[in-house]
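The values are calculated or read from the model by the stated rules, or taken from the named source; none is laboratory data. This one's a predicted model, so the numbers in the text were calculated from it and none came from an experiment. Here the Cβ positions follow ideal geometry from the backbone for every residue, glycine too, while neighbour counts run over all protein chains shown. When the accessible area is computed, the model is the full protein with side chains, heavy atoms only, and any ligands, DNA or RNA have been set aside. Shrake-Rupley method; radii C 1.70, N 1.55, O 1.52, S 1.80 Å.
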Amino acid sequence: MSTETGRAGERTLFGHSWRRIVLYLVLIGMGAFYLIPIETGLMTSIISPETYSGNFPYLPPLEPLVPGTGELSIEPWRGAIDGLGQGLVNSVILVVPATILSGLLGSMAAFGLTTISWRGQIGIYILFVAGIFIPYQAVLVPLTQFWYNVVPLRAAFEPLAALPLVETYHWKLLALIITHTAYGLPICTLLFRAHYKKLSDEMVEAAQLDGASVATIYRRIILPLSIPMFAVVFIYQFTQIWNDLLFALTIVQFGDAAVVTQDLVGIGVSQSGTNFPLRMAAALLAALPTLLVYIFFGDKFAKGVAA
Amino acid sequence: MRNPLTILRQRLEDHREVRADGGTATEAGSILDRDSVRSAPFWLPPFLLIGLFIYGAIIWNIVLSLTDFQGLGSPDYSALDFENYVIAFVGGTPSWSELTVSPVWNAAWNTVVLMVSFSVVCLAVGLVMAILVDQEIRFENTFRTIYLLPMSLSFVVTAKFWLYMYNVETGLVNIILGAVGVGPIEIVQNPDLKLAAVAFALIWQFSGYAMIVYLAGLRAIPTSHFEAARVDGASTIRMYWRVIIPQLRTATVSALVVLTVFSLKAFDFLFSMYGGYQPGPSADILATRMVREAYANGNWAYGSAIAVLLFIMALAIVAPYIYTQYQRGEL
């Protein structure tokens, strides 16, 4: 919707109206506001901690060319990889299955509650939607009780630890995968339902009349048409689960199964003060997977959050 | 693959037979032929999963909040009472502790202040930016990508960035303040500024979200409304105020609900900013108080009671929203 006037006689600079110039300046200024904390972090993360002075956190390390900016070094990033390595591995073990499971189950639920229409399904669906808005605090103590005192998951994992690549502490990650799948389901179902409502009924009706079973309709018609939505859902879920701290804090609590957000909380602080280059490198390293996903699939991410 | 329309036509020619078939299925047919049952393999397993983990856990949490569960061991469900709620409202020394426990009013007040200031400013910034981005600008996608970028970050990461920005000696905020002759000011540990600092960082993270929602709302308004207003000779600002903004009510409500719920979840941010369970009284919200009582102090039942209060707050915001969505047939 243009409000660009461009009326004859309006004052201009190099053929652009002043109004347009101010508009772009504001837009660029806002862009700077959103980018500067990240830019400052990035610049600080490549300063060698010994030469870090903190006088110009937003400048790249250009010593000895520009005094006071510190020397270029990859030491903070090396330290971040050391400090977060185990957490990154655990986060990957957690996020991949949890994302796929919640997406797949969400698509199935939306199919059963949308494409196949029956009376009363809206009531069930409302319970799904309401689940999106539950503050996690309202379920934390029961979840901790459930995973630590009700389900003998730990005992089940002890014999499995003899297998290669399986450790006893992985039981916590499995508990976290199931929990995240359950809590991701509502938003996944909502996204898929919005998509399925837009699909034309013709094909499904024709297939039904042809005697196709519900499972065939899903596999042959709905699933192939869901692929663009799977991209949106997977990106959204990946970001949500990767970024979560609260569930990890209350289900993993501490120890070898800690995920990357847990490790990030305490990194870069010691008796001798705060190591800002290390801390910024760690923050960026922890954010890197979601940042990359966002930069490459930003349009799909926007679709997911706008829904 | 056969053309579905051909199949449909064939079946329609056979109309009577199909209908008789369908009739049998609904009237005398077994319950197994119903669509709800035939599609059950798809919706029932996910439904059981959320039934157990979300709704089962909520009910269990309510029951736990009525016990005296504290410290190690397991909860005793034989004596249920509302003691924890009395403590939450008026404070005092509960039967399960020798120490005095303070009520939750302070955290509740901070929660409301954070929720309202964060949501309102986010919406205002988002609206203005959506209107600016909607002026047929060049590089629209680039601007949008930048504005939404912080949203892809974790609360934990955002907190680390802003902890650095706010730092007294090396933070950019204080460097800028110093350039205009103010400060340096202690921000993160300053009781007067803490909550504002948290709200500001969260606005940085989520105003892009409000912009995306408003932009979608603006794009849904027919061009003719913009043109009609202009033909009337209305100024741009008047046009937006009178004609366009009133049409963004749906966008406002849905963004508001999501943002409020985000602010209820600000726990991750505060935990990361203050490196643990102690943000201090002036930045303590119900979300942090609940987790601290349960996981740091071992007051599980009391934590559950605070969680119930938080749940009721969320419900009060979300239930009317879902109800109106349902009435409009938008679910």
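Consider A:Leu165 carefully, then state whether it is open to solvent by 20 Å² or more (accessible area, probe 1.4 Å) and at positive phi.
It is true that A:Leu165 is open to solvent by 20 Å² or more (accessible area, probe 1.4 Å) and at positive phi.
What about A:Gly112, is it among the small types (Gly, Ala, Ser) and either surrounded by fewer than 17 Cβ atoms within 10 Å (Cβ to Cβ) or more than 7 Å from every other protein chain (Cβ to nearest Cβ) (or both)?
no
Quick one: is B:Ala216 more than 8 Å from every other protein chain (Cβ to nearest Cβ) and either in a helix (DSSP H, G or I) or touching a Phe, Trp or Tyr at 6+ places or on another chain (Cβ under 6 Å) (or both)?
Answer is no for this residue.
Give me the pairs: first residue in the range B:287-311 and farther than 12 Å from B:Ile62 by Cβ, second residue surrounded by 24 or more Cβ atoms within 10 Å (Cβ to Cβ) and among the hydroxyl-bearing types (Ser, Thr, Tyr), beta-carbon distance under 6 Å, and six or more apart or on different chains, which are they?
Matching pairs, first to second residue: B:Glu293/B:Tyr302.
Which one is nearest to the other protein chains (Cβ to nearest Cβ) among residues in the range A:188-246 that are of a type in the set (Ser, Thr, Tyr) and loosely packed, with under 15 Cβ neighbours inside 10 Å?
That would be A:Ser213.
Among A:Leu284, A:Leu278, A:Leu288, A:Leu264, which is at pLDDT 90 or above and open to solvent by 50 Å² or more (accessible area, probe 1.4 Å)? Steps first, answer last, please.
Working: A:Leu284 fails: open to solvent by 50 Å² or more (accessible area, probe 1.4 Å); A:Leu278 fails: open to solvent by 50 Å² or more (accessible area, probe 1.4 Å); A:Leu264 fails: open to solvent by 50 Å² or more (accessible area, probe 1.4 Å).
Checking each option against the conditions leaves just A:Leu288.
Among the residues of the range B:114-145, how many are among the charged types (D, E, K, R), assigned to a helix (DSSP H, G or I) and surrounded by 17 or more Cβ atoms within 10 Å (Cβ to Cβ)?
Total meeting the criteria: 1.
Do we find a residue being crowded, with 24+ Cβ neighbours inside 10 Å, within 7 Å of chain B (Cβ to nearest Cβ) and part of a helix (DSSP H, G or I) anywhere in the range A:117-137?
yes
What's the number of the condition A:Ile267 fails, among (1) under 20 Å from B:Tyr147 (Cβ atoms); (2) within 10 Å of chain B (Cβ to nearest Cβ)?
Evaluating A:Ile267 over (1) under 20 Å from B:Tyr147 (Cβ atoms); (2) within 10 Å of chain B (Cβ to nearest Cβ) leaves (1) as the failure.
Any idea which residue in the range A:248-261 is nearest to A:Gly54 (Cα to Cα), counting only those that are more than 8 Å from every other protein chain (Cβ to nearest Cβ) and open to solvent by less than 20 Å² (accessible area, probe 1.4 Å)?
A:Val260
Within the range B:272-284, is even one residue out of contact with any helix residue (DSSP H, G or I) (no Cβ under 6 Å at 6 or more places or on another chain) and surrounded by 16 or more Cβ atoms within 10 Å (Cβ to Cβ)?
yes
Among (1) under 18 Å from the mean Cα position of the chain (by Cα); (2) of a type in the set (Asp, Glu); (3) more than 10 Å from chain A (Cβ to nearest Cβ), where does B:Asp284 come up short?
In the conditions (1) under 18 Å from the mean Cα position of the chain (by Cα); (2) of a type in the set (Asp, Glu); (3) more than 10 Å from chain A (Cβ to nearest Cβ), B:Asp284 misses (1) alone.
Can you find even one residue in the range A:139-150 that is farther than 19 Å from B:Leu315 by Cβ, at the interface with chain B (Cβ under 7 Å from one of its Cβ atoms) and more than 24 Å from the chain's Cα centre (by Cα)?
yes
Just for the range A:17-53: of the residues that are more than 9 Å from chain B (Cβ to nearest Cβ) and in a loop (DSSP other than H, G, I, E, B), which one is nearest to B:Thr145 (Cα to Cα)?
Only one residue fits best here, namely A:Ile46.
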